[in-house]
1. For the chain, set up a GNM with springs between Cα atoms under 10 Å and report which of 90, 56, 109 has the largest fluctuation.
2. Considering the chain as a Gaussian network with a 10 Å cut-off on Cα pairs, which listed residue, 32, 62, 116, attains the greatest mean-square fluctuation?
3. Using only DSSP helix segments of four residues or longer, with each worth -39500 (n - 2.57), what per-residue ellipticity at 222 nm results for the chain after dividing by its residue count and rounding to 500?
4. Where the centre of each part is set by its Cα atoms, how far does the range 139-163 sit from the range 184-200, in angstrom?
5. Roughly speaking, what is the stretch gain from residue 169 to residue 2, that is 0.36 nm per residue apart minus the C-alpha to C-alpha distance, in nm to one decimal?
6. Kindly provide the Kirkwood hydrodynamic radius of the range 82-183 in Å, to one decimal, from all pairs of distinct alpha carbon atoms.
7. Taking 0.36 nm per residue of separation and subtracting the Cα-Cα distance, what length does fully extending residue 179 through residue 123 add?
8. I need to check one value: relative contact order of the range 29-86, counting alpha carbon pairs closer than 8 Å and at least 6 residues apart, in percent.
Ligand SMILES: *Cc1c(COP(=O)(O)O)cnc(C)c1O
């Protein structure tokens, strides 16, 4: 199956209201353009330098999402163009994004990443930290940031009931936070291996790489 076939197949499987982010990390401009010509306009990358290079070379109507862990000293390279930052996991990072967005006279859309998986290696706030951040009202002072919702990654496991449980936790937190931040609309959860479960549990945005582009080239 071609990249275009894969995109069409996934689009047929997800509701029209769920936004598809095509995760193109490690993939070439040629492969990205194949997806682009199939109508895909939102691409996700996990390294700022790689994303910036692709942004500079590829059509300007592509919306670039930063889905990986963000190093604060690299925010400046994407501040001029990034469409959505999924992996915001500290107030320090939010402040840096705000500062760089201000320099660009932009408001940058961000998702707060919540830690829902068992693995220690997955970044993010826990529920209490999220609540404390929102109660502190500091988000309202960051005028060049707009919080659009939450992002999370489930444990990498075959145990579907565990994945389901983790996505339920994220969805419940999203609904709780919506009371304080009524403008939020994005719940970013679900990857190639678990997006059907994520959608059942209320995902509004899925991040899919290998099911579109095939297995990733090792870096
Ligand atoms: C790589 C990556 C994905 C896509 O993973 P696939 O399993 O290839 O679909 C989604 N989200 C994040 C944060 C990633 O780093």
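Derivation of every value follows stated rules applied to the coordinates shown; laboratory data play no part. Note that the structure is predicted; figures quoted are calculated from it, not measured.
1. Result: 56 has the largest fluctuation of those listed.
2. Of the options given, 62 has the highest mean-square fluctuation.
3. Value at 222 nm, helices only: -11500 deg cm²/dmol.
4. Here the two parts' Cα centres lie 10 Å apart.
5. Length gained between residue 169 and residue 2: 56.6 nm.
6. Working: mean 1/r = 0.0703 Å⁻¹.
One decimal place: 14.2 Å for the Kirkwood radius.
7. 17.7 nm
8. Relative contact order for the range 29-86 comes out at 35 percent.
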